[in-house]
2 protein chains.
Amino acid sequence: MLYIALLHYPVLNKEGKVVATAIANMDIHDIARTAKTFGVEKFYVINPLEAQRRLAGQIVSHWREGYGAAYNPSRKEAFKKVEIKSSLEDVLTEITAVHDGKPQIIVTGANFQGELLTCADLREALKRNHLPYLIIFGTGSGIAQEVVDQADHRLEPVRGKDGYNHLPVRSAVAVILDRVVEI
Amino acid sequence: MLYIALLHYPVLNKEGKVVATAIANMDIHDIARTAKTFGVEKFYVINPLEAQRRLAGQIVSHWREGYGAAYNPSRKEAFKKVEIKSSLEDVLTEITAVHDGKPQIIVTGANFQGELLTCADLREALKRNHLPYLIIFGTGSGIAQEVVDQADHRLEPVRGKDGYNHLPVRSAVAVILDRVVEI
């Protein structure tokens, strides 16, 4: 049982300043369609700012129940996967309630090094058991350190040629789901 | 030697009307970064409309030589891969001149059925030899039939769960390159 989340937590940038990331319309569209393609249970959009969540909620409603639902039924199917939450804790509470157990938390990052979970191992784990897994993707400068610290595993990044590691998060989600999900 | 192209040829829609697709800013950004990640030689953006090519050219220049090049050097590296062309013929002429031989043309499509080239076979072919290959991706309703007809191979599509086949082209490019390229 695989869940994914896109985290918009404020993080420190290179200069040590706090930066929040905004919810991008294209992230919701692309990742919702990718989540539907690979049979993900739910795609959580996590943002602590109420105004950001309200905006994202309007986009989701348009495609799930509004004009967009009739205009593009396949988009409607994809948007049924989307849930907007204010914190990771809320997401964990929801998944835990559904499965009567906490999900394994897996974080992703383009710069991860050291001991990492491989996509092949995660694929095997997902095939073998029906426990919930949550893969968290970051935006902007990546996932806040306190979230990385509470994860069960760090996933191996998509390694680019000549060390180039600037894949868009939308594309990274697609590649990683293709690697870990058996359709 | 792998090249990719995003084709914006006018095609017929379900009602039989001719529709042209516009160049989307996000397509150029995402696919350029994905092409750079997977070591693709060049990413051709093909559009027959001069106004569309001019707009795309301004975006590319901004990130390759303009303010964006200094602001975001990794984006500059990705945009070096982008070439804007008015027709597939121009792309084939350019690749043929560089390699002294015509590329193998591979078309993609979410609805392809029948005898298809597998990603595993293409991966082997790319490893084995250094001949040029060109993978063509479509926009809107897909690739124009006359282009499909002149291709050497049709590539197997990314198959989604329960037959869902509405992956964004940006995500499909990422998944397919990850499947066929050995970094």
* Only one of B:143, B:84 that is at pLDDT below 95, over 19 Å from residue B:38 (Cα atoms) and open to solvent by less than 70 Å² (accessible area, probe 1.4 Å) -> B:143
* **Which numbered condition residue B:34 misses (of (1) open to solvent by less than 20 Å² (accessible area, probe 1.4 Å); (2) within 14 Å of another protein chain (Cβ to nearest Cβ); (3) in contact with a Gly (Cβ under 8 Å, 6 or more places away or on another chain))** => (3)
* Asked: From the residues in the stretch B:1-24 that are under 15 Å from residue B:146 (Cα atoms) and at pLDDT 75 or above, which one is nearest to the chain's Cα centre (by Cα)?
  -> B:7
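Identify all residues within the stretch B:44-70 that are among the aliphatic types (A, V, I, L, M), touching a residue at least 24 places away in the same chain (Cβ under 8 Å) and in a helix (DSSP H, G or I); write none if there are none.
Looking only at the stretch B:44-70, we keep the residues that are among the aliphatic types (A, V, I, L, M), and these are B:45-46, B:49, B:51, B:55-56, B:59-60, B:69-70.
Then keep just the ones that are touching a residue at least 24 places away in the same chain (Cβ under 8 Å); that gives B:45-46, B:49, B:55-56, B:59-60.
If the condition is that a residue be among the aliphatic types (A, V, I, L, M), touching a residue at least 24 places away in the same chain (Cβ under 8 Å) and in a helix (DSSP H, G or I), then B:55, B:56, B:59, B:60 are the ones that fit.
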* Can you find a residue in the stretch B:59-70 that is modelled with pLDDT under 95, in contact with a His (Cβ under 6 Å, 6 or more places away or on another chain) and of a type outside the set (A, V, I, L, M)? -> yes
* To do: Only residues that are out of contact with any Ser or Thr (no Cβ under 6 Å at 6 or more places or on another chain), at the interface with chain B (Cβ under 7 Å from one of its Cβ atoms), closer than 21 Å to residue A:8 by Cβ and touching a residue at least 24 places away in the same chain (Cβ under 8 Å): list them for the stretch A:163-183, please.
  => A:170
* Asked: Using beta carbons and a limit of 6 Å, which pairs, at least six apart or on different chains, have the first residue in the stretch B:19-43 and without any contact (Cβ under 8 Å) to a residue 24 or more places away in the chain and the second one not polar (S, T, N, Q) and not in a helix (DSSP H, G or I)?
  -> none
* Structure fact -> Only one of A:69, A:97 is away from chain B (no Cβ under 13 Å) and within 28 Å of residue B:159 (Cα to Cα), namely A:69
* Among (1) closer than 30 Å to residue B:141 by Cβ; (2) not in a loop (DSSP other than H, G, I, E, B), the one test that residue A:123 misses -> (1)
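Out of A:158, A:107, A:148, report the one residue that is hydrophobic (A, V, I, L, M, F, W, C), farther than 29 Å from residue B:172 by Cβ and touching a residue at least 24 places away in the same chain (Cβ under 8 Å).
Values: A:158 fails: farther than 29 Å from residue B:172 by Cβ; A:107 fails: farther than 29 Å from residue B:172 by Cβ.
Among A:158, A:107, A:148, only A:148 is hydrophobic (A, V, I, L, M, F, W, C), farther than 29 Å from residue B:172 by Cβ and touching a residue at least 24 places away in the same chain (Cβ under 8 Å).
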* **Matching residues, the stretch A:149-162, being more than 8 Å from every other protein chain (Cβ to nearest Cβ) and open to solvent by 20 Å² or more (accessible area, probe 1.4 Å)** => A:149, A:150, A:151, A:152, A:153, A:154, A:156
* Scan the stretch B:60-86 residue by residue and report those that are under 14 Å from the mean Cα position of the chain (by Cα), of a type outside the set (A, V, I, L, M, F, W, C) and under 23 Å from residue A:160 (Cβ atoms). => B:81, B:83
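Mind listing just one residue for me: the one in the stretch A:87-103 that is touching a residue at least 60 places away in the same chain (Cβ under 8 Å) and open to solvent by less than 30 Å² (accessible area, probe 1.4 Å) and, of those, farthest from residue B:165 (Cα to Cα)?
Out of the qualifying residues, it is A:88.
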* **Filter result for the condition that a residue is within 14 Å of chain B (Cβ to nearest Cβ), buried (at least 18 other Cβ atoms within 10 Å of the Cβ) and closer than 22 Å to residue A:145 by Cα, over A:43, A:79** => A:43
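The values are calculated or read from the model by the stated rules, or taken from the named source; none is laboratory data. Since the structure is predicted, the reported quantities are computational estimates derived from the model, not experimental observations. When we count neighbours, we look across all protein chains shown, and the Cβ atoms used for this are built from the backbone with ideal geometry, even at glycine. Just so you know, the surface numbers come from the protein's heavy atoms only, side chains and all, with ligands and any DNA or RNA stripped out. Shrake-Rupley method; radii C 1.70, N 1.55, O 1.52, S 1.80 Å.
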